[in-house]
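Down below is the structure, laid out as structure tokens.
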Amino acid sequence: MEDGTFLGYFAPFGTYREPGDGFRMQNVPAKYKKFLGTCVDPYNGTQKNCIQEDGFDYIECIDDCVLEPCHGDADSWCLPYQHKKAISEDDLGFVPRTYYCIDEIGTFTEEQGAVISDVFDTSSRTTCYFGDNVTPVNRTISGDFLYCGGDGEICDGTFVGGYRSRNYDPRWRTWYKETKDYQKSMWSKPYPFFSTFEIGITYSTPFYSIEDDKKIFKGVLAVDYSFEVLRAFLKEAYSDKDGISVLICEESNPYYVIGSSTGTKAAKTVLLSDLLTPCKDSSSQKCTVVRSAPNDLSEHPMDITLARAHSSHKQEGFPSGTWISSKESDDFGSRAFISVSFVFEIPNENLRWRILTVMPTEKVAMDSVTTGSTLFVVLIAAGLLGALMCTALFLAYYRRRFNYAVMVSDWRFTSAFIIGCVALNGSTFFLLGESTDVMCMLRVWSFHYLIIATLSPLLVKVWRIYQLVGSSASRFRRHTISHTKLALYMLPFHVVQLLILTVFSVIDPPKAKEWIEISSNSHHITCGRNSNAFRITELIFEGSLVLIGCILAYKSRNLDPRFGETKQILFSIYNICFIGVLTVLVSNLTDLEEAQTFVLQAIAIFWATVISSCAFVLSRLIEIKRSNAFRSNTSTTNLQQNEISGDLSFRINPPQQSVVSEKL
């Protein structure tokens with residue numbers, strides 16, 4: 001009230017202050033002598049005088065507190081007084097604000113076994129003790145206190161149940177001064193409560209009395225709302241909401257925290273002399289409250305996530321209702337979140353908060369092929385089966401390299417092609433596992449380099465066939481291309497591919513990239529580059545080689561099979577071209593996930609390599625089998641013919657044994 005009276009309840013305790021201002025202890029006015037010895041040691045109950053300390057606040061009347069028009073309302077009348085800071089030399093006293101034990105109906109009491117300790121469980125009773133938990137509160141101070149009823153009535157119950165004293169006058173609290181200045185009901189800005197050091201807000205409204213037709217401002221009715229209640233509500237409401245967290249903070253910089261679902265307190269009580277040292281006992285130490293901004297929270301693992309989400313919204317200008325992505329940390333692959341914020345506001349009041357809701361994203365399983373997934377088995381099967389089948393075909397082919405049917409097929413470069421097919425199937429295994437910078441680099445190098453290693457023997461082989469017997473120039477002159485020379489012709493392909501891979505590995509290397517798709521609440525980690533230059537370059541280079549191979553194979557299609565495997569080469573290159581074009585179209589025209597693209601690549605490699613290798617090997621094995629069958633039939637026919645000739649000779653020239661015998 002305007003005379004300094006204060007009555008409040010902060011369950012499970014009550015608090016009360018008698019009317020009065022600061023006074024000098026050297027010459028105590030008569031009306032203040034009753035307050036001598038009314039302060040109490042909170043630990044053992046020793047009573048003492050209430051002495052102002054340096055820097056503490058007190059109220060002093062101006063012009064004997066004669067009423068004057070209120071600042072915010074000319075129709076109302078207010079007491080004029082000023083707010084001052086105490087100096088030790090002034091030796092000032094104060095009217096104490098006393099904290100009381102209360103019973104279940106809120107009455108101040110020190111009756112044994114009648115004191116409540118939990119406002120939500122009034123059946124639990126205790127006794128009112130001082131801070132040592134040994135000394136019971138027993139205070140009887142007589143005087144003509146307002147608590148007694150006024151009009152000079154004397155009583156001794158004013159301090160009954162009072163276990164603590166503090167220097168406090170509501171008139172120098174911000175919520176009171178603003179209500180008096182504006183002369184209207186209002187919400188306060190968040191601030192630390194004097195009694196508990198908890199952060200909260202106050203709704204206050206002025207009240208008046210009518211005296212001599214004057215509307216006299218008498219004081220303020222106020223209700224405190226502690227943010228501790230809000231903090232407890234958020235913690236309970238969102239503790240099992242699938243990782244959803246909520247942060248409420250002030251709208252203006254430095255964005256002080258109102259409350260969060262992590263349960264972390266929005267303020268810390270610290271020593272006034274050292275803001276880094278926690279204050280353990282505000283009754284014996286000079287303490288203050290330091291409020292926390294979002295970046296100051298760190299007690300709960302989600303505190304940092306909330307702070308980073310708030311920072312992301314700040315960078316975007318706090319767009320209300322817009323979802324924004326953020327990360328748990330700067331570490332690659334750390335959990336990702338999406339968040340949305342909006343403003344809660346009571347118009348024309350001090351209450352304007354931003355509510356931030358954060359929810360985790362789901363890491364997309366189809367961005368990689370890992371152990372336990374069906375696609376993992378598919379990739380293993382495709383790569384392993386393709387490598388084993390091509391290896392078996394190579395061994396079957398290589399073991400028969402001295403057979404005439406294989407010798408005339410240019411077996412060295414065919415073998416090199418099949419070995420390349422084995423290795424290319426092996427590159428499928430680099431598609432397994434999470435996408436990392438190393439794995440992304442290995443996938444690019446292994447796949448693209450082994451494509452050239454596989455194609456180059458086939459290309460030079462068809463080129464030699466075309467040069468020797470297919471081109472018009474070969475019809476008029478003798479032309480020889482040795483195996484060594486032909487092998488050297490493969491080197492430019494390798495050099496160009498290595499150059500492309502090296503250059504792009506430096507200027508635009510493949511890296512694991514993560515991105516958050518807000519619409520589907522998903523967290524992606526895939527391999528990627530900053531541009532499509534590499535993909536276009538490889539498509540032109542590798543596509544040109546396949547196209548040239550197709551042209552040469554087509555022009556050589558009608559050559560005599562004795563001069564090389566023209567039909568097999570034609571089929572193999574066309575097969576590779578068809579599979580390559582189909583794979584590029586499917587991967588670019590359909591919305592495939594990364595893992596599905598890997599499976600498509602593995603199947604394409606399997607089909608292109610195994611079928612093409614079969615075209616070379618199986619045709620030669622069939623030819624060898626036919627040749628062996630023909631030789632077997634020819635040998636049998638010759639043997640039968642020899643037997644018939646011998647029999648005829650025997651019959652035409654019978655033995656002469658009998659004639660010789662007769663002569664003898």
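Please treat every number below as a calculation from the coordinates, not as lab data. Keep in mind the model is a prediction, meaning the values are calculated, not measured. Note that we place each Cβ from the backbone using ideal geometry, even for glycine, and neighbour counts take in every protein chain shown.
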**OP:** Pull out a ≥ b ≥ c, the square roots of the eigenvalues of the alpha-carbon gyration tensor of the range 359-518, then state rounded if a/c is under 1.5, prolate if not and a/b is larger than b/c, and oblate in the remaining case.
**Re:** oblate
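R0 = 56 Å: FRET efficiency of residue 438 with residue 627, Cβ-based, nearest 0.05? Kindly include the intermediate steps, with their values, before the conclusion.
Values: r = 51 Å, r/R0 = 0.91.
Once rounded, the FRET efficiency stands at 0.65.
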Subject >> Linear extension gain, residue 350 paired with residue 36, 0.36 nm per residue minus alpha-carbon span >> reply: 109.0 nm
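Exceeding 20 Å between C-alpha atoms, which entries from my cross-link table qualify? They are 461/485; 180/218; 189/235.
189/235
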Original post:
For the range 21-64, list residues with backbone N below 19 Å from a point placed 7 Å from the Cα of residue 135 toward its Cβ?
Top reply: 36-51
Subject >> Estimated inter-spin distance, residue 25 and residue 223, nm [label 7 Å along Cα→Cβ] >> reply: 4.1 nm
Subject >> Residues of type aspartates and glutamates that residue 184 reaches as a straight line, Cα spacing below 16 Å, ignoring anything fewer than 8 places off in the same chain >> reply: 2, 73, 75, 349
Subject >> Spacing of the two label points (7 Å from each Cα toward its C-beta) at residue 551 and residue 51, in nm >> reply: 10.7 nm
Original post:
Just how far, in whole angstrom, is the range 371-427 from the range 56-73 if you go by their alpha carbon centroids?
Top reply: 100 Å
**OP:** Give the calculated FRET efficiency between residue 377 and residue 535 to the nearest 0.05, with a Förster radius of 30 Å applied to their Cβ-Cβ distance.
**Re:** 0.55
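How much length, in nm to one decimal, is gained on full extension between residue 208 and residue 520, taken as 0.36 nm per residue of separation minus their Cα-Cα distance? Don't skip to the answer; put the middle values down first.
Numbers: separation 312, 0.36 × 312 = 112.32 nm, distance 5.84 nm.
Result for the pair: 106.5 nm of gain on full extension.
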Original post:
For residue 586 and residue 388 in one chain, what is 0.36 nm times their gap in residues minus the Cα-Cα distance, to one decimal in nm?
Top reply: 68.6 nm
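Shape verdict for the chain, please, from the Cα gyration tensor: rounded (a/c under 1.5), prolate (a/b greater than b/c) or oblate.
Prolate is the answer for the chain, as a/c is 1.5 or above and a/b outweighs b/c.
Quote the relative contact order of the range 514-574 in percent (integer), defining contacts as alpha-carbon pairs under 8 Å separated by 6+ residues. All intermediate terms of the calculation are to be shown ahead of the outcome.
Numbers: 29 pairs, mean separation 12.6, N = 61.
21 percent.
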Subject >> Protection proxy ranking of 352-363, 411-422 - average other beta-carbon atoms within 10 Å, highest first >> reply: 411-422, 352-363
Original post:
Say a paramagnetic label sat at a point 7 Å from the Cα of residue 189, along Cα to Cβ; which residues of the range 248-271 have their backbone N under 14 Å from it?
Top reply: 250-257
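What helices does the chain hold that run 27 Å or longer along their axis, going by alpha-carbon atoms, with a Kyte-Doolittle average of 1.0 or more, using DSSP H for the helix calls? Don't skip to the end; give the middle numbers.
Working: long enough: 374-398 (36 Å, 2.15); 437-465 (43 Å, 1.16); 533-555 (33 Å, 1.31); 566-589 (34 Å, 1.45); 594-652 (86 Å, 0.26).
The qualifying helices are 374-398, 437-465, 533-555, 566-589.
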